[in-house]
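Below you'll find the structure, written out as structure tokens, and then a few comments.
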Amino acid sequence: MVRAVAAPGPTTDDRGESTTGLDTDGTVLITGGTGTLGTLVAEHLVRAWGVRHLLLVSRSGPEAAGAGELTDTLTELGAEVRIAAVDVTDPDAVAALVAGVDSAHPLTGVVHAAGVLDDGVLTTQTPERLARVWRPKATAAAHLHAATAELPLSLFVMFSSTAGTLGASGQSNYAAANAYCDALAARRRALGLPGLSVAWGLWADASGMTGHLGEADRARMTRSGIGAMSSERALGLLDAAVRHGHHHLIAIDLDVRALAGRPALTLPAPLRALAGGGTARRTAATARPHTDWAGHLAALPLEEQRRTLLNLVLSHAAAALGHSDPGRIQTERGFLELGFDSLTAIELRNRLTAVTGLRLATTLIFDHPNPAALAAHLHSELAPEDADPLAPMLGEIDRMESALLSVAQDETAHEALLERLRTTLSKLGALHGGGTEEGPAAGRIQDATADEIFQFIDEDLGRSESNGEHAHGGTR
Ligand SMILES: NC(=O)c1ccc[n+]([C@@H]2O[C@H](COP(=O)([O-])OP(=O)(O)OC[C@H]3O[C@@H](n4cnc5c(N)ncnc54)[C@H](OP(=O)(O)O)[C@@H]3O)[C@@H](O)[C@H]2O)c1
């Protein structure tokens with residue numbers, strides 16, 4: 001079972017001796033030791049724990065940015081430090097690294113903080129992408145476990161992530177690698193060896209792994225109830241985790257109020273009890289959508305039903321994008337144009353799933369590519385008898401239109417597609433008398449440009465005007 005870390009406390013006693021049980025005259029190995037968190041931890045171990053011998057490794061080793069300064073800082077603090085270039089996915093290199101530790105200061109502790117990311121939604125994951133993330137974290141942890149099996153270590157800490165415990169959009173490969181570390185900690189403890197896997201939330205310091213996160217990503221995380229931790233706070237939690245004694249601990253800054261403001265079904269299961277006020281019973285109750293949508297919609301006139309669902313989509317789309325004002329979302333503008341990416345797409349789908357109780361596909365915004373189309377889809381699911389019978393077909397046309405506009409960038413494809421559309425529209429135009437006041441539809445279509453064809457779809461086939469104009473070739 002996972003536990004939360006309690007408040008931090010001192011790591012040395014009144015006489016300056018370590019209270020962590022670590023022999024400070026031994027060597028502590030930190031993998032990823034020249035990375036952002038590795039560097040912070042190295043300094044912390046020297047300053048707060050009194051560690052005097054450090055072995056820091058990464059693939060770039062002494063060539064890593066800031067490695068020289070780090071050595072100077074640690075040396076000034078009274079520590080002896082060696083920085084080595086080692087790829088910890090290589091079992092022989094790890095064995096040689098461990099065997100090469102100065103016997104005057106034998107290895108007493110390991111902090112495994114090496115890792116890389118290769119994020120992407122599940123459908124884009126491949127065995128190669130899994131391996132890329134798995135090897136420096138999980139495989140390397142296994143190598144460290146094997147190489148130190150016979151040594152009297154008193155510390156074996158793995159830097160895991162909440163991705164493995166709570167889940168994280170787009171990080172299935174990373175979640176799996178972290179979950180391995182969590183399991184390895186349990187296994188080590190069962191074998192009577194030290195083992196601790198700390199599932200970290202986000203640290204505030206931008207690192208090699210988190211530096212790509214923009215303001216919007218960080219704001220989204222904060223809104224979700226899990227904020228970024230200052231390094232001071234996080235290092236305090238590391239101390240608390242080491243003292244706590246459990247093999248798997250989550251170290252995060254939780255904003256319980258923000259959690260409580262989210263639909264319960266969008267929360268990771270372990271957090272629902274916290275958000276719902278404590279008990280599993282209440283969580284189960286709050287996990288259900290509050291609205292009886294079928295009953296609610298049935299009591300409204302048709303136009304009001306449509307407006308209600310459109311507003312629902314707009315407000316959740318705005319929230320997923322971090323806008324406080326749903327008015328910033330145009331109803332017929334494509335979700336991708338509005339700024340949705342795979343992660344915000346999943347957030348919107350999760351929000352709508354939670355609030356409607358419907359099972360909605362992860363491809364929701366791709367299947368229904370603008371708010372109006374999505375609202376029409378919800379209408380057909382929640383009140384099928386009242387929904388526009390053409391809505392699914394019009395949704396299909398929306399989807400096809402987006403696909404056509406991207407494929408039609410290619411000139412040959414453009415001509416072929418136009419030709420094909422003309423044929424379909426001619427057939428359609430020939431039905432029911434086949435004409436309009438301006439002349440037979442078939443004749444109009446035959447000579448139509450792409451813009452005119454889209455105009456025809458809009459006007460004659462019932463699509464309403466979008467944000468002004470239709471164009472092809474990526475100008476939309
Ligand atoms: N930062 C956070 O908010 C956060 C949150 C949760 C968990 N974590 C975990 O904390 C650890 C440190 O992350 P960070 O944020 O400090 O990222 P970082 O700055 O990118 O550090 C990662 C380190 O791992 C090293 N590394 C990668 N592959 C390696 C390999 N095959 N062999 C040896 N070293 C390797 C990198 O150096 P080279 O490229 O030179 O090898 C780098 O020094 C990671 O395990 C991460 O999963 C971080």
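The values are calculated or read from the model by the stated rules, or taken from the named source; none is laboratory data. These numbers come from a predicted model, not from an experiment. Positions of Cβ are generated from backbone atoms using ideal geometry, with glycine treated the same way; all protein chains shown enter the neighbour counts.
So that you can scan it fast, the table gives a plain yes or no per residue for (1) outside any helix (DSSP H, G or I); (2) more than 33 Å from the chain's Cα centre (by Cα):
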position: THR34; (1), (2): yes, no
position: LEU37; (1), (2): no, no
position: VAL41; (1), (2): no, no
position: VAL46; (1), (2): no, yes
position: LEU54; (1), (2): yes, yes
position: VAL57; (1), (2): yes, no
position: ALA65; (1), (2): yes, no
position: GLY68; (1), (2): no, yes
position: THR71; (1), (2): no, yes
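Looking across region 21-32, just one residue is in a loop (DSSP other than H, G, I, E, B) and within 15 Å of the ligand (Cβ to nearest atom), and that is GLY32. Take ASP239 and decide whether it is more than 13 Å from the ligand (Cβ to nearest atom), at pLDDT 95 or above, part of a helix (DSSP H, G or I) and over 23 Å from ALA354 (Cβ atoms). Answer is yes for this residue.
Among the numbered conditions (1) assigned to a helix (DSSP H, G or I); (2) in contact (Cβ under 8 Å) with a residue 40 or more places away in the chain; (3) closer than 17 Å to ALA114 by Cα, the only one that VAL88 does not meet is (1).
Does region 334-343 contain at least one residue that is within 22 Å of GLU381 (Cα to Cα), in contact with a Leu (Cβ under 9 Å, 6 or more places away or on another chain), touching a residue at least 40 places away in the same chain (Cβ under 8 Å) and buried (at least 16 other Cβ atoms within 10 Å of the Cβ)? Taking every residue of region 334-343 in turn, none turns out to be within 22 Å of GLU381 (Cα to Cα), in contact with a Leu (Cβ under 9 Å, 6 or more places away or on another chain), touching a residue at least 40 places away in the same chain (Cβ under 8 Å) and buried (at least 16 other Cβ atoms within 10 Å of the Cβ). Taking ALA79 as the residue in question, decide whether it is within 13 Å of the ligand (Cβ to nearest atom) and either in contact with a strand residue (DSSP E or B) (Cβ under 8 Å, 6 or more places away or on another chain) or assigned by TED's automatic domain parsing to the domain that holds ARG129 (or both). Spelling it out, it is not the case that ALA79 is within 13 Å of the ligand (Cβ to nearest atom) and either in contact with a strand residue (DSSP E or B) (Cβ under 8 Å, 6 or more places away or on another chain) or assigned by TED's automatic domain parsing to the domain that holds ARG129 (or both). When ALA219 is tested against the conditions (1) among the aliphatic types (A, V, I, L, M); (2) over 14 Å from the mean Cα position of the chain (by Cα); (3) farther than 22 Å from LEU22 by Cα; (4) more than 12 Å from the ligand (Cβ to nearest atom), the lone failure is (2). Candidates in region 46-65 are the residues that are within 11 Å of the ligand (Cβ to nearest atom) and within 27 Å of ALA240 (Cβ to Cβ); of these, the one that is surrounded by the most Cβ atoms within 10 Å (Cβ to Cβ) is LEU56. Can you say whether LEU151 is more than 16 Å from the ligand (Cβ to nearest atom), assigned by TED's automatic domain parsing to the domain that holds THR27 and touching a helix residue (DSSP H, G or I) at 6+ places or on another chain (Cβ under 9 Å), as far as the supplied structure shows? Taking the combined requirement at face value, the residue satisfies it. On the stretch given as region 99-126, residues that are within 19 Å of the chain's Cα centre (by Cα) and more than 16 Å from the ligand (Cβ to nearest atom) total 7.
Among the residues of region 330-370, those that are of a type in the set (Phe, Trp, Tyr) and part of a helix (DSSP H, G or I) comprise PHE335, PHE366. Residue count for region 407-433 under the criterion of being surrounded by 15 or more Cβ atoms within 10 Å (Cβ to Cβ) and of a type outside the set (Lys, Arg): the result is 9. Only a single item in (1) more than 30 Å from PHE159 (Cβ to Cβ); (2) touching a helix residue (DSSP H, G or I) at 6+ places or on another chain (Cβ under 6 Å); (3) at pLDDT below 90 is not met by GLN305, and it is number (3).
One line per residue, one yes/no per condition, for (1) more than 10 Å from the ligand (Cβ to nearest atom); (2) among the small types (Gly, Ala, Ser); (3) in contact (Cβ under 8 Å) with a residue 12 or more places away in the chain:
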| residue | (1), (2), (3) |
| --- | --- |
| GLY164 | no, yes, yes |
| ASN173 | yes, no, yes |
| ALA186 | yes, yes, yes |
| LEU191 | yes, no, no |
| LEU202 | no, no, yes |
| SER207 | no, yes, yes |
| HIS212 | yes, no, no |
| ILE226 | yes, no, yes |
| LEU235 | yes, no, yes |
